[in-house]
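Here's the structure we're looking at; comments come further down.
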Amino acid sequence: MATTITIDPVNRIEGHLKVTVVVDSGTGIVSDAKCTGNLFRGFELIMNRRDPRDAPVIVQRI
Amino acid sequence: MVRITRRDFLKYCSVAAGALGLSASTLMKIENVMAANANVDVVWIAGSACTGCTMSLLNSVFYTTIDDLLLNRIDLKYMDTAMATAGAYVDGVQWQGSNALKAAQDVYNNSAGFVLVVEGAIPTGTPDGSTTAGDYCRIGDLTGDGSETDTVLGNVAKFAAKDTCLAVLCVGTCASFGGIPAARGNVVSAKGVCYTGTAQGGAIVSNSGTGSVTRITVDSGGSGYTAVPLVTIAPPVSGVQATATARTTGTVTAIAVVNQGSGYTAVPDVTILGVCKTVATATAVMDVFPNTDRVASISVIGGSGYSTVSGEVTVVIDSVNGQGKGATATPTVTGNEVASLILTNPGSGYTSAPAVTFGVPGAGAAAHTIIQGQNDVRNKTGIAAKVINIPGCPPHPDWIVGTIAHILDTNVTLPPVTNYFRPVDYGYGAYQCNAGPCPWRYNNSTTRDDHNARYPVGNSKELGKYKWGLKPGTDVYAEGCLGILGCKGRKTKADCSRRRWNADAEAAYGVNWCVGSRAGCHGCTEPSFPDKVGKFFTFV
């Protein structure tokens, strides 16, 4: 028997994060853990074909 | 809950008055409502954001510090970056302990009135492998409707559509206009709440209500006007066109609104036509809702001897000063007493509470009316009527706090706006070059001597001739102005040049700003940021 604990949203961070942990009820041992970034903006794609001098201005807003 | 002290408040006021040019009546209004302990729940939803707006807000010291704002002025019920609790589920069931989501759900389901703050753009696209629009940013089930994988798109739409949502503040250029996540090449179809770039129509609503032109600010007075020029305010799509007249002494010194018009869904263009050397430019300022008051509620004292037969007791609501008309009410009589009055028409145009009289037979019934401005967002329905944009990448903390304070201090009314629904009195009233002293602009000094004393460079005979640092009749920039290096200050409405950033608690002004450190303005408060303002280091 295992218990799944999900923490979503994780607070006090810049951005969006979800953490899922599976705990074995008998032993209390964590058998699985996942960390999910819940936000995708595609900065790499936005940077395509731009004036390279603009790159620091834009990617500093990540 | 601890309140801000009167002494603290007066300190803020004196600083604010000097730095912002607030009028005495505005300050008086703020002072009055501060005394009345205005308070409101706030839910802060972060979408596709870098949290830079949050970080900027945390630097607030000017109107009030952030701890005072959060602890004393508003009830910040939910803000995942700042709050102590996280959201938690055990085996898919919401954990009943300290749970962040419960706070948001409580506001959504039970709050009497709350302000929704949106930070970050809202992705509207559907990723591969998903069937949910906006699934590029999930923020959890803030409404308590059981959808654990709620998106920012869904949550913001649900919160904003709630009747108890008094206002939607789009903090930052992303939430206002799409900003960086909506830049060319983005695959997630990121949008602002009610704008996508300069175009009305965002992820949630298509515009931000209707209004009237209440004043016009002169951006540049022009020169050489030999007669009073003709001022034309563009007509609304449907509604009454506003009119105005100019005052001139060679340059246009002021423009007065003659007819405020109505039905404007966006701040209209102002054109100034007349024989001149250089053309004057001006921008309209709009009140999102024309401020004519109407009857909001009637309380009644019963009296005796009134007929219980329906329609036999007559009620007349009369203006006491000739201003306003049209309010009507229907009485309900129980046991020969007037038990209640149901407002059937709130009327309009009242400037003071109208009087209520009852027809005979019967005696002793009296009623008291309360009027409320239509500017009060609680009189409005629909999301579009609630949205205010506070752009900037990030916005100055004073712009955010000033707008929130205005909403609190005016019994939840939205502040007057300049184009793109930006609050005109809280940061967005003028272009950077005009808003304050740019150290690189030659003609910002009151006199040539004054200028030479402060910036002793260049040829003194030539100083003062330059406008925007541009040599007359050429496209050559004078030494000093950063326009040629890509500075967008002359196209960007923001008051960084006057307010500056990173003030300490005692200073009215901040330490520096982008242009002050010779970096050039990137135009981050404009809806065209970052693409259409042009390349950051290229003259446009």
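The values are calculated or read from the model by the stated rules, or taken from the named source; none is laboratory data. All of these numbers come straight from a predicted model, not from anything done at the bench. So basically every Cβ, Gly included, is an ideal-geometry build from the backbone, and we count neighbours across all protein chains shown. In case anyone asks, the SASA skips ligands and DNA or RNA and just uses the protein heavy atoms, side chains included. Shrake-Rupley method; radii C 1.70, N 1.55, O 1.52, S 1.80 Å.
Residues of segment B:383-418 that are in contact with an Asp or Glu (Cβ under 7 Å, 6 or more places away or on another chain) and in a loop (DSSP other than H, G, I, E, B): B:N411, B:V412, B:P415, B:P416. Checking each residue of segment B:296-308 against the condition of being in contact with a helix residue (DSSP H, G or I) (Cβ under 8 Å, 6 or more places away or on another chain) and outside any loop (DSSP other than H, G, I, E, B) gives at least one match. Only one of the numbered conditions (1) modelled with pLDDT under 90; (2) surrounded by fewer than 18 Cβ atoms within 10 Å (Cβ to Cβ); (3) more than 11 Å from chain A (Cβ to nearest Cβ); (4) outside any loop (DSSP other than H, G, I, E, B) is violated by B:M55, and that is (3). Annotation for segment B:151-160: at least one member residue is in contact with a Phe, Trp or Tyr (Cβ under 7 Å, 6 or more places away or on another chain) and modelled with pLDDT of 85 or more. Would you check which residues across segment A:14-57 are at the interface with another protein chain (Cβ under 7 Å from one of its Cβ atoms) and under 16 Å from the mean Cα position of the chain (by Cα) and list them? Within segment A:14-57, A:E14, A:G15, A:H16, A:N38, A:L39, A:F40, A:R41, A:G42 meet the criteria. Scanning segment A:1-12 for residues that are under 27 Å from B:M55 (Cβ atoms) and open to solvent by 70 Å² or more (accessible area, probe 1.4 Å) gives a single hit, A:R12. Just one of (1) hydroxyl-bearing (S, T, Y); (2) in a strand (DSSP E or B); (3) surrounded by fewer than 19 Cβ atoms within 10 Å (Cβ to Cβ) fails for B:T248. It is (3).
Using the structure shown, decide if B:V218 is among the β-branched types (V, I, T) and in contact with a Cys (Cβ under 9 Å, 6 or more places away or on another chain). No: the conditions fail for B:V218. Quickly run through segment B:517-540 and pick out the residues that are basic (K, R) and more than 10 Å from chain A (Cβ to nearest Cβ). B:R518, B:K532, listed by residue number. Screening the candidates B:D128, B:D75, B:D91, B:D80 for the property of being over 20 Å from B:G192 (Cβ atoms), more than 14 Å from every other protein chain (Cβ to nearest Cβ) and not polar (S, T, N, Q) yields one hit, B:D75.
Quick check on B:G134: is it assigned to a loop (DSSP other than H, G, I, E, B), in contact (Cβ under 8 Å) with a residue 60 or more places away in the chain, more than 8 Å from chain A (Cβ to nearest Cβ) and in contact with a Phe, Trp or Tyr (Cβ under 7 Å, 6 or more places away or on another chain)? The answer is no for B:G134.
Here B:V515, B:V476 are screened, and the one residue that is in contact with a Leu (Cβ under 9 Å, 6 or more places away or on another chain) and modelled with pLDDT of 85 or more is B:V515. Being open to solvent by 40 Å² or more (accessible area, probe 1.4 Å), touching a helix residue (DSSP H, G or I) at 6+ places or on another chain (Cβ under 6 Å) and modelled with pLDDT of 90 or more is a property that B:V171 lacks. Could you tell me whether segment B:301-323 includes any residue that is over 30 Å from B:I407 (Cβ atoms), in contact (Cβ under 8 Å) with a residue 60 or more places away in the chain, open to solvent by 40 Å² or more (accessible area, probe 1.4 Å) and among the hydrophobic types (A, V, I, L, M, F, W, C)? Scanning segment B:301-323, I find at least one residue that is over 30 Å from B:I407 (Cβ atoms), in contact (Cβ under 8 Å) with a residue 60 or more places away in the chain, open to solvent by 40 Å² or more (accessible area, probe 1.4 Å) and among the hydrophobic types (A, V, I, L, M, F, W, C), so the answer is yes.
Table: residues versus (1) open to solvent by less than 30 Å² (accessible area, probe 1.4 Å); (2) not in a loop (DSSP other than H, G, I, E, B).
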residue: B:A112; (1), (2): no, no
residue: B:L116; (1), (2): yes, yes
residue: B:I122; (1), (2): yes, yes
residue: B:G125; (1), (2): yes, no
residue: B:G154; (1), (2): yes, yes
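Residues that are at pLDDT below 75 and crowded, with 24+ Cβ neighbours inside 10 Å occur at least once in segment B:66-86. Restricting the search to segment B:174-203, which residues are of a type in the set (A, V, I, L, M, F, W, C), buried (at least 24 other Cβ atoms within 10 Å of the Cβ) and in a loop (DSSP other than H, G, I, E, B)? Hits for segment B:174-203 are B:A183, B:V188, B:V193, B:C194, B:A203. Among the residues of segment A:13-37, write down those that are surrounded by 12 or more Cβ atoms within 10 Å (Cβ to Cβ) and at positive phi. Selection gives A:G15 alone. Residues considered: B:T232, B:T214. Of these, the only one that is of a type in the set (S, T, Y) and under 22 Å from the mean Cα position of the chain (by Cα) is B:T214.
A single member of B:A435, B:A507, B:A453, B:A430 is of a type in the set (A, V, I, L, M), in contact with a helix residue (DSSP H, G or I) (Cβ under 6 Å, 6 or more places away or on another chain) and either surrounded by fewer than 19 Cβ atoms within 10 Å (Cβ to Cβ) or at pLDDT 55 or above (or both), and it is B:A435. Residue under question is A:V59, and the condition is that it be of a type outside the set (K, R), surrounded by 13 or more Cβ atoms within 10 Å (Cβ to Cβ) and closer than 30 Å to B:V90 by Cβ; does it hold? So A:V59 does not fit the description; no.
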